[in-house]
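To start, the structure itself, in structure tokens.
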Amino acid sequence: MTAHHSLRIPDHAQLRADATKAVTEELGQLARTDDRFKRACEIVQQADLEITAHSEERNQATLSLFFYDGVRGLGKVLGMLPNAFRQMRTMALHGERNASLLTADDERMSAEERRTAAKEAGLPYVEDAAERLPELSETVSVATARRKAALPFLQDAALALTEEPYSWPTDKIAELGGVTPKYARDVKNKAARRRNR
């Protein structure tokens with residue numbers, strides 16, 4: 001028997017739109033290129049911390065609900081497309097994203113087969129997964145949107161700082177953003193490639 005969840009489904013589209021708008025407005029108001037670069041770096045670093053801190057927990061709660069409790073429709077709670085959710089499950093069971101469909105078709109498994117597969121893969125049962133999943137999903141969704149919105153500002157500002165009138169070396173840009181010189185160089189190069197398309 002399939003469990004029908006009564007989990008709250010976050011409005012991921014609205015959450016992402018709000019987060020994107022807030023970042024775009026904040027960074028767009030910073031007139032100085034160095035200020036914009038520094039703040040964009042802070043936003044990306046903060047988002048990375050939140051994603052790292054919460055995505056593992058979110059994934060464990062999701063996999064527990066799917067494999068142990070047989071809950072369906074979790075992709076909507078996660079704000080994930082079906083393929084991405086399938087890849088998450090395949091990775092958890094088989095250690096690779098695209099294991100063959102014969103081994104990865106967990107939707108056709110019986111409840112007992114799913115539980116056995118989860119135990120064999122070492123997936124933990126998460127006691128309060130249903131209560132925590134919506135909030136964890138929102139946090140990851142918002143952080144991902146903030147990161148995505150800040151990156152073009154970060155890249156463009158890094159490139160601008162290497163050009164006139166600044167002509168900063170990569171090391172100085174890296175120091176300002178609290179990043180490595182390689183990271184500063186990579187983001188500057190991405191902006192240059194985007195400009196030359």
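The values are calculated or read from the model by the stated rules, or taken from the named source; none is laboratory data. Given the structure is predicted, the values throughout are model-derived calculations rather than measurements. Because the Cβ atoms are built from the backbone with ideal geometry, glycine has one as well, and the counts that use them run over all protein chains shown. The protein model used for the area step is the full one, side chains on, heavy atoms only, and it has no ligands, DNA or RNA in it. Shrake-Rupley method; radii C 1.70, N 1.55, O 1.52, S 1.80 Å.
Within the range 159-174, residues that are farther than 19 Å from residue 44 by Cα reach partners that are among the hydroxyl-bearing types (Ser, Thr, Tyr) and surrounded by 15 or more Cβ atoms within 10 Å (Cβ to Cβ) with beta carbons closer than 9 Å, at six or more positions or on different chains, in the pairs 162/170; 166/33; 168/162; 169/162.
Step by step: first the residues of the range 33-51, then only those that are in contact with a helix residue (DSSP H, G or I) (Cβ under 7 Å, 6 or more places away or on another chain), over 13 Å from residue 151 (Cα atoms) and not hydrophobic (A, V, I, L, M, F, W, C), then the one that is surrounded by the most Cβ atoms within 10 Å (Cβ to Cβ). Which residue is that? By that ranking, first place goes to 33. For residue 124, the conditions (1) part of a helix (DSSP H, G or I); (2) modelled with pLDDT of 95 or more; (3) within 13 Å of residue 59 (Cα to Cα); (4) open to solvent by less than 70 Å² (accessible area, probe 1.4 Å) all hold with the exception of (1). Residue 30 passes every criterion in (1) outside any helix (DSSP H, G or I); (2) out of contact with any helix residue (DSSP H, G or I) (no Cβ under 6 Å at 6 or more places or on another chain); (3) within 22 Å of residue 174 (Cβ to Cβ) apart from (2). Beta carbons closer than 9 Å, at least 6 apart along the sequence or on distinct chains, pair a first residue in the range 76-92 that is of a type in the set (Phe, Trp, Tyr) with a second that is open to solvent by less than 50 Å² (accessible area, probe 1.4 Å) for 85/62; 85/66; 85/74; 85/75; 85/78. For residue 141, indicate whether it is more than 24 Å from residue 25 (Cα to Cα) and small (Gly, Ala, Ser). Criteria not met by residue 141. Residue-level analysis places residue 15 outside the set of residues that are within 30 Å of residue 157 (Cα to Cα), open to solvent by less than 10 Å² (accessible area, probe 1.4 Å) and at pLDDT 95 or above. For the range 54-86, a tally of residues being open to solvent by less than 60 Å² (accessible area, probe 1.4 Å) and in a helix (DSSP H, G or I) returns 17.
Scanning the range 139-168 for residues that are open to solvent by 50 Å² or more (accessible area, probe 1.4 Å) and farther than 15 Å from residue 33 by Cβ yields 144, 146, 147, 148.
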